Amino acid sequence: MSCQPAPARPYVLLSCATSIDGYIDDASDQRLMLSNADDLDRVDAVRASCDAILVGAGTVRRDDPRLLVRSARRRAERVACGRPPTPVKVTLTARGDLDPTAQFFTAGDPTRLVYCATGALEKTEERLGRLATVVDAGEPVDPAWLLADLATRGVRRLMVEGGGTMHAQFLTAGLVDELHLVVAPFFVGDGRAPRFVTEGHFPWHSGRRARLAEVRQIGDVVLLRYALSDRCPTPTPNPVTGG
């Protein structure tokens, strides 16, 4: 048995855009655009600063995200620093029901990691083993164990992009250092639509408020940056900015 200490977990940055009433999508078949061009460029810069990007299997199925750094300049800067052009792609699945033609597996050429519940391991390896590294993550998948495993793979900064179930799992476990919450200037008003997080017991509540590190206007949306651990830096001298 190894006596090596467990590696420190990566810095975890959770990113989400919502409507004013807290929805991350509507109930239609079309993806709801909550952000604007300037904010999407900001998200691209955040992606470029990270070693890995994580989304849940539901987001892979529903949104079919590419999870790539879009800016050629940012990709070149990463390469110049000895890093791959785009971060590692990471997803979690309990059942292994992922389409091998999804852009998670076909767009770009980054390392791809699929953390899978033990019960679906054989199915997932058969379906996706040629396209990604499939990792037995236990039953059920433990986010803390996943972070420790990512640390052993060289991931020091992780961006969690969704969806609501993933956000809730990492937040309720107290595993998020920084939250970027963008609020779009409209309402969805449909109880069938997915919300920012699912139900759970969160470490931040009326008796323990999260620390607001920054407020930034980006065109017609607002970025709220919350520091959820002491690892998150706070801008000085004034955290509230406009533009």
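Calculate the length of the line joining the C-alpha centroid of region 115-132 to that of region 22-69, in whole Å.
Distance between centres, Cα-based: 24 Å.
For K89, K123, what's the largest-to-smallest order of accessible area, 1.4 Å probe?
Values: K89 0, K123 90 Å².
I get K123, K89, largest accessible area first.
Nearest-5 percent of antiparallel DSSP beta bridges in the chain?
Numbers: 15 of 44 bridges.
Beta bridges within the chain, antiparallel portion: roughly 35 percent.
Using every pair of alpha-carbon atoms in region 1-126, split the distances into 5 Å bins beginning at 0 and state the percent of pairs per bin, rounded to integers.
Histogramming region 1-126 at 5 Å steps yields 2, 9, 16, 19, 19, 16, 11, 6, 2, 1, 0 percent.
Just going by the charge dipole of the chain, with Lys and Arg at +1 and Asp and Glu at -1 on Cβ, which of A193, A76, P203 is farthest out on the positive end?
Comparing the listed Cα positions along the dipole, A76 ranks first.
Over the chain, with the other protein chains present, what is the accessible area per residue in square angstrom, probe 1.4 angstrom? Walk me through the numbers before you get to the answer.
Numbers: 12350 Å² over 243 residues.
With all protein chains present, the chain gives 51 Å² per residue.
Top mean-square fluctuation among V188, V60, V176, Gaussian network model of the chain, C-alpha springs under 10 Å?
Judging by the Gaussian network model, the answer is V188.
Using a 1.4 Å probe on the protein heavy atoms only, what accessible surface does L146 show? Give it in Å² to the nearest 10.
Ignoring ligands and nucleic acids, L146 comes out at about 0 Å².
Helix-only estimate, please: 222 nm mean residue ellipticity of the chain, summing -39500 (n - 2.57) across DSSP H runs of length 4 or more and dividing by its residues, to the nearest 500.
Details: 7 runs with 59 residues, N = 243.
About -6500 deg cm²/dmol.
Return a whole-number percent for the relative contact order of the chain, with Cα pairs under 8 Å and 6 or more residues apart as the contact set. Walk me through the numbers before you get to the answer.
Working: 475 pairs, mean separation 67.3, N = 243.
That works out to 28 percent.
Under a 10 Å cutoff between Cα atoms, tell me which one of P233, P84, P143 has the largest fluctuation in the Gaussian network model of the chain.
It is P233.
Once amide H atoms are placed 1.01 Å from N in the peptide plane, what residues at a sequence separation of 5 or more from I218, or on another chain, have their amide H within under 5 Å of its amide H?
Distant-sequence amide H within range of I218: L223.
For region 180-232, which trypsin sites (Lys or Arg not before Pro) are in a loop by DSSP, counting at most 14 other Cβ atoms within 10 Å? Please list the in-between numbers first.
Details: sites: R192, R195, R208, R209, R211, R216, R225, R231; in loops: R192, R209, R231.
Listed in order of number, the matching sites are R192, R209, R231.
Please identify the DSSP H helices in the chain that span no less than 15 Å along the helix axis (Cα) and have a mean Kyte-Doolittle hydropathy of -1.0 or more.
Details: long enough: 37-48 (16 Å, -0.45).
Helices meeting the span and hydropathy rule in the chain are 37-48.
Using each residue's phi in region 8-19, evaluate 6.51 cos²θ - 1.76 cosθ + 1.60 at θ = phi - 60° and report the 3J(HN,Hα) Karplus result to the nearest Hz, with x for Gly and Pro.
5, 6, x, 5, 10, 10, 9, 10, 7, 10, 9, 6
Return the carbon/sulfur percentage of the accessible area of the chain, one whole number, probe 1.4 Å, all protein chains in place. Intermediate values should be presented prior to the final figure.
Working: 6480 of 12350 Å².
The nonpolar share, carbon plus sulfur, comes to 52 percent.
Note down the accessible area of Y226, probe 1.4 Å, to the nearest 10 Å².
We get 60 Å² for Y226.
The values are calculated or read from the model by the stated rules, or taken from the named source; none is laboratory data. Every value quoted in this text rests on a predicted model; they were computed, and no experiment measured them. Counting neighbours? That spans all protein chains shown, and the Cβs are built from the backbone with ideal geometry, glycine included. To get the accessible areas, we keep the full protein, side chains included, count just its heavy atoms, and leave off ligands, DNA and RNA. Shrake-Rupley method; radii C 1.70, N 1.55, O 1.52, S 1.80 Å.
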